[in-house]
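Quick notes on the structure that follows.
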Amino acid sequence: MCEQDDVRALVARARDGDEAAWDALYRAVYPRLLAYAQRRLSSPDAARDAVSETMARAITKIDRFTWTAGGFEAWLFGILRHVVLDAQRAAGRRTHVPMVIDRASDEPSPLDQVLNDEEAAAVRIAFARLDPAEQELLELRVVSRLSAEEVASVIGKRPGAVRTAQSRALARLRVLMEEVVRCGQ
């Protein structure tokens, strides 16, 4: 997002009803909120709706926001997490879209493309074998780039517990990756 002092100033202005402040906050965090929602929901429309609902709830609840170690961004991710869980319950199932692997901007050779595709497929398969709590933790920490303090605020754990759980989840992911590569799925 922005520097912490800038965020504090924007939040203060947003509390006073400043639309430009809300717009700046929204633009700063939207791509990461959307990426998280897209990984947790079954359609791009559902993900966009979840982010919109998150911001609508944030606007109506801004007076209840208090500064914690997680900060404003973690507060938004906490709201989004609840919106996503509500959407999943409404759909009657827990839907998860596998993590997407970013590719380098240079055009790969055909061999590189095949190897990249195989590696990405192996990561997706291994990631899908993690339990949902491990998946969510890694999505928040690694993919959404939230700090341990921010994730702790989102999921209701202590930062040290988040770091420990992340370490264990990454170790488990490594083991699962080895199994997928060794066994061919």
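The values are calculated or read from the model by the stated rules, or taken from the named source; none is laboratory data. Since the structure is predicted, the reported quantities are computational estimates derived from the model, not experimental observations. Cβ placement follows ideal geometry from the backbone for every residue including glycine, while neighbour counts extend to all protein chains displayed.
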Out of Ala169, Ala128, Ala148, Ala74, report the one residue that is hydrophobic (A, V, I, L, M, F, W, C), modelled with pLDDT of 80 or more and surrounded by fewer than 16 Cβ atoms within 10 Å (Cβ to Cβ). Ala128
Can you find a residue that is within 18 Å of Phe77 (Cα to Cα), out of contact with any Pro (no Cβ under 6 Å at 6 or more places or on another chain), surrounded by fewer than 18 Cβ atoms within 10 Å (Cβ to Cβ) and at pLDDT below 85 anywhere in the stretch 132-143? yes
Those residues of the stretch 16-33 which are surrounded by 11 or more Cβ atoms within 10 Å (Cβ to Cβ) and not in a helix (DSSP H, G or I) amount to Asp18
Kindly establish whether Arg57 is modelled with pLDDT under 90, of a type outside the set (S, T, N, Q) and more than 18 Å from Val143 (Cα to Cα). no
